[in-house]
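Below is one structure, written out as structure tokens, with a few remarks after it.
The values are calculated or read from the model by the stated rules, or taken from the named source; none is laboratory data. Predicted model only: the values in this text are computed from it and were never measured. Neighbour counts run over all protein chains shown; Cβ positions are idealised from the backbone, glycine included. All accessible areas refer to the heavy atoms of the entire protein, side chains included, with ligands and DNA or RNA removed. Shrake-Rupley method; radii C 1.70, N 1.55, O 1.52, S 1.80 Å.
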Amino acid sequence: VQLQAFGGGLVQAGGSLRLSCAASGRTFKTYCMGWFRQAPGKEREFVAAVSWTGGVTYYADSVKGRFTISRDNAKNTVYLQMLSLKPEDTAVYYCAASPFITSRPDAADFDSWGQGTLVTVSS
């Protein structure tokens, strides 16, 4: 599956953004999807993941209660709604696909990656 993320931009602290990730291919609905992010000088970290049905979601503690991951299998798209953004949320956000997810998603589990979209939160 090929992925393309978009929707990033510059936003003030406390603001919101919605990222989208469009997938090509008929097998999208069989993949679990995740969002990861990488801030300058830091390692890539897990943000959120959703099962192939959308019924199970996992979040990093740092975004729990502020971010929501969802998917629309009819549109081959996964979303990340981000509220109450903080300067520490500044990063390049990547969407990724995996045949499975666990309660502690790891980047190594995901075998398809989008190109990333930059989110900058100003203080």
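For the range 1-26, backbone nitrogen atoms closer than 12 Å to the point 7 Å from SER122 Cα along Cα-to-C-beta are found at 10-13.
Using the Karplus relation 6.51 cos²θ - 1.76 cosθ + 1.60 with θ = phi - 60°, the per-residue 3J(HN,Hα) values for the range 82-92 come to 10, 10, 6, 5, 10, x, 6, 7, 4, 4, 8 Hz, with x marking Gly and Pro.
Rolling a 1.4 angstrom probe over the protein heavy atoms with all chains in place gives the chain an accessible area of 52 Å² per residue.
Only protein atoms count toward the accessible area here, which uses a 1.4 Å probe; on the chain, the carbon and sulfur part of that area reaches 49 percent.
Only one residue of THR27, SER51, PRO40 has its Cα farthest out toward the positive end of the dipole of the range 1-62, where Lys and Arg carry +1 and Asp and Glu -1 on Cβ, and that residue is THR27.
Between GLU88 and ARG104, the distance separating the two model label sites (each 7 Å from Cα on the Cα→Cβ line) works out to 2.0 nm. Based on alpha-carbon atoms, the Kirkwood radius and the radius of gyration of the range 1-115 give Rg/Rh equal to 0.93.
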